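Below is one structure, written out as structure tokens; comments come after it.
The values are calculated or read from the model by the stated rules, or taken from the named source; none is laboratory data. The structure displayed is predicted, hence computed values, not measured ones. Cβ placement follows ideal geometry from the backbone for every residue including glycine, while neighbour counts extend to all protein chains displayed.
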Amino acid sequence: MSKRRTAWIVVLGLIAVGGIFTAIPLITPIKSAFWGISVDEPRERHWQAIAPGRIEACSGQIRVATAVIGVVDKVLVKTNDKVFAGEPLIHLADDELRARQAAAETQVAMHERARDERSATGSAKSRRKAGDAVADAERALYDARSAVDRAATKLRVSGGPDGDLTAARLALTRAQNELLTRKEQLRAIIDDDAPLPTALEGQLSVARSEYAIARSALDKMTVRAPIDGTVLQVDVHPGELVSPASPQPPLQLADLSALCVRAELDERDLASIKVGQAATVRTVAFPGREFMGTVSLIAPLVEPGRLEPPGSRSPTEVDVVRVMIGLAGSGDLTVGMKADVYFRSGEALN
């Protein structure tokens, strides 16, 4: 009996050992798939590091806010509109400020008339003429900017050729150059030991300063595009109250002519990544497609990761370095898309 039992034990042991050796090849691919990369795929062996990231504009995503508190009068653009630097985007109600500007302009005219009743000679006359030229150039610049605003708004509403807008922008550039020239001429006269201004000239100077303040306050009621770009989001409507402290900016825009990927590289892979190194970008939105890029920036800071690593469904407690990858061709990529960046071993993108 004992011999038969011993034989059965030996047989069962051999079966168990055989089962273990049979299961080992099946466990290895499961473990590889768990980490999101199969070691049996020869095309994946040359990746030096992999990092999660997001597509963004290389210029950054600009959150356009208002400089003052006000009620929205008009929203002049919509999502996907292309805008130029200085183009009006949002207009706030400005009736009170327009009245103040008109009052300040009247004061300037009154003081100019009073000053002109007293004649000036020599260097004092030259300084007076130069000061008047600067004031006229400032007023011309303000009028030219207003003409650009009207032309841009008209083009948005009615469409058609942009000849009027182009002409208005050229006139604005000429007005800016003219103002710089007039200011340089006035500065040169003042530096030549010109006599001190009279009381009437001083009063006129104060009136012109108050007019400039009123004009500047009125200009802040128009929110303008800081750069050439594309409107990404509009989150404001006429009648709403906006302020610089609003948690949600009324408008966002970016320059989409150049896209990048901001990736979170594990700090353990930092030594193997260099600026100029080639990288391949893949996205879930476009399976099977690869986008080529180059490492353009490695941040000198290690911080906690925020994105999900490849093959995972939740962020892990890993310290990372922010790496920027410039894309050679963005194709159909959109700002905000999730992406995985595969860094090549010692290669540079030609």
Original post:
Quick one: in the range 168-212, which of the residues that are in contact with a helix residue (DSSP H, G or I) (Cβ under 7 Å, 6 or more places away or on another chain) and of a type in the set (S, T, N, Q) is farthest from ARG113 (Cα to Cα)?
Top reply: GLN176
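Going through ARG268, ARG262 one at a time, which residue ends up being closer than 25 Å to VAL295 by Cα and without any contact (Cβ under 8 Å) to a residue 12 or more places away in the chain? It would help to see each step written out before you state the result.
Details: ARG262 fails: without any contact (Cβ under 8 Å) to a residue 12 or more places away in the chain.
From the options ARG268, ARG262, the qualifying one is ARG268.
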Original post:
What is the number of the single condition among (1) without any contact (Cβ under 8 Å) to a residue 12 or more places away in the chain; (2) of a type in the set (A, V, I, L, M, F, W, C); (3) farther than 30 Å from VAL335 by Cα that VAL108 does not meet?
Top reply: (1)
Original post:
Can you tell me which of ILE90, ILE50 is under 34 Å from the mean Cα position of the chain (by Cα), assigned by TED's automatic domain parsing to the domain that holds VAL320, modelled with pLDDT of 90 or more and surrounded by 17 or more Cβ atoms within 10 Å (Cβ to Cβ)?
Top reply: ILE50
**OP:** Kindly indicate whether any position in the range 212-233 is touching a Cys at 6+ places or on another chain (Cβ under 7 Å), under 30 Å from ALA57 (Cα atoms) and of a type in the set (Gly, Ala, Ser).
**Re:** no
Original post:
Any chance the range 77-90 includes a residue that's out of contact with any helix residue (DSSP H, G or I) (no Cβ under 9 Å at 6 or more places or on another chain) and over 30 Å from THR334 (Cβ atoms)?
Top reply: no
Original post:
Is there a residue in the range 251-265 that is of a type in the set (S, T, N, Q) and farther than 20 Å from ASN80 by Cα?
Top reply: no
Subject >> Hits in the range 213-233 - residues which are in contact with a helix residue (DSSP H, G or I) (Cβ under 9 Å, 6 or more places away or on another chain) and among the hydrophobic types (A, V, I, L, M, F, W, C) >> reply: ILE213, ALA214, ALA217, LEU218, MET221
Subject >> Options ALA137, ALA67: the member that is modelled with pLDDT of 95 or more and either within 30 Å of SER272 (Cβ to Cβ) or not aromatic (Phe, Trp, Tyr) (or both) >> reply: ALA137
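Regarding the range 128-141, can at least one residue be identified that is under 16 Å from THR198 (Cα atoms), in contact (Cβ under 8 Å) with a residue 40 or more places away in the chain and of a type in the set (A, V, I, L, M)? I'd like the intermediate steps shown before the answer.
Narrowing the range 128-141 to residues under 16 Å from THR198 (Cα atoms): 128-132.
Imposing the further condition that a residue be in contact (Cβ under 8 Å) with a residue 40 or more places away in the chain reduces the set to 128, 130-131.
Narrowing the set further to residues that are of a type in the set (A, V, I, L, M) leaves 130.
Yes.
Looking at this structure, is PRO195 assigned to a loop (DSSP other than H, G, I, E, B) and either basic (Lys, Arg) or farther than 28 Å from GLY86 by Cα (or both)?
Numbers: assigned to a loop (DSSP other than H, G, I, E, B): yes; either basic (Lys, Arg) or farther than 28 Å from GLY86 by Cα (or both): yes.
So PRO195 fits the description; yes.
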Original post:
Can you tell me which residue in the range 78-103 is farthest from ALA225 (Cα to Cα), limited to those that are touching a strand residue (DSSP E or B) at 6+ places or on another chain (Cβ under 6 Å) and of a type in the set (A, V, I, L, M, F, W, C)?
Top reply: ALA93
**OP:** Within the range 128-148, identify whether any single residue is aliphatic (A, V, I, L, M) and not in a helix (DSSP H, G or I), and answer yes or no.
**Re:** no
Original post:
Quick check, is ARG174 in the same structural domain as LYS129 (by TED's automatic domain parsing), of a type in the set (D, E, K, R) and either under 26 Å from VAL223 (Cβ atoms) or within 28 Å of the chain's Cα centre (by Cα) (or both)?
Top reply: yes
